[in-house]
Amino acid sequence: MSPESSESHESFGSQEAAESPEAARKAELAANLARVEERIAGACFAAGRKREDVTLIVVTKTYPASDVQLLAELGVRDVAENRDQEAAPKAADCADTQLSWHFVGQLQTNKARSVAGYADFVHSVDRARLVTALSNAAVRAEREIGCLVQVAFDAESGSVGERGGVAPDGVTDLAEAVASAQGLRLDGVMTVAPLDGPLAGRPRAAFDQLLEISTALRAAHPAATMVSAGMSSDLEEAVLAGATHVRVGSAVLGDRPRLR
Ligand SMILES: *Cc1c(COP(=O)(O)O)cnc(C)c1O
């Protein structure tokens, strides 16, 4: 090897070390994903569950489509968003990926048509009017949407919670409405650990109750097997309780700026 070629080889090496912002971000996401993966695997082991029985959904809200692309390259298959205004353009930007899109935020009926254009799953079904709107939108888009009934453990009986979700005593009727609606498939139940009421600060107790509701639901609807629970701070409790899907944002993408 001539001195020149060894020199050029060295300079190539140092160029690689000064990696592009995109490569740095990809490495950061990969490291975060590895840590989350380790946590999920550890919780599955502790619960005596198989790792493949728990699906990681990465919540990409407030982060750009470029991050979603990197996540897809890193092997992520499921992503979630909570606002249609943000999700619709992002899903369009990522149309070349094979990602499944989950909608997990409170959903106004006038957004149902847009959401039906890209969402494979809606985790936040919490009232009959929304079932009707989603059904009409799905039929019109010629798509089938997997629906989860969102349960709010801090909602008053017969009402919808402050952060969305139906009180536990409303789940059966809403599930029946989804199951009989055209264009919709009843896939299961979802919850967010409550901030108020007797279960506030006790995510495991809330997730245990969600599993009881899921068991009762599956007696009537055996295919409704999805149990969506657990976020960055409480994914272990969710896996221990029996969740099939965890929704993890900040532990993968970083802390969100407090915009709202
Ligand atoms: C933002 C969000 C998550 C993820 O929360 P992190 O704490 O960032 O993991 C999960 N579920 C819903 C419904 C969310 O809105």
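The table below gives the values:
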item: Test: residue in the range 98-112 that is of a type in the set (Val, Ile, Thr), under 22 Å from Arg218 (Cβ atoms), within 16 Å of the ligand (Cβ to nearest atom) and not in a helix (DSSP H, G or I); result: yes
item: Those residues of the range 223-244 which are part of a loop (DSSP other than H, G, I, E, B) and more than 14 Å from the ligand (Cβ to nearest atom), in sequence order; result: Ala223, Ala224, Thr225, Gly242, Thr244
item: Filter pass, Arg140 being away from the ligand (no atom under 12 Å from the Cβ), among the basic types (Lys, Arg) and within 24 Å of Val171 (Cβ to Cβ); result: no
item: Matching entry among Arg218, Arg202, Arg256, Arg247 (being of a type in the set (D, E, K, R), under 27 Å from Val115 (Cα atoms) and more than 20 Å from the chain's Cα centre (by Cα)); result: Arg218
item: Checking Lys90 against (1) within 25 Å of Glu237 (Cβ to Cβ); (2) part of a helix (DSSP H, G or I), the condition it does not meet; result: (1)
item: Residue count, the range 212-226 (criterion: surrounded by 17 or more Cβ atoms within 10 Å (Cβ to Cβ) and over 15 Å from Arg185 (Cα atoms)); result: 2
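Read-outs: derived from the displayed coordinates by stated rules, not from any lab. What you see is a predicted model, and the numbers here were worked out from it, not measured in a lab. Don't worry about glycine lacking a Cβ; one is built from the backbone with ideal geometry, like all the others, and counts go over all protein chains shown.
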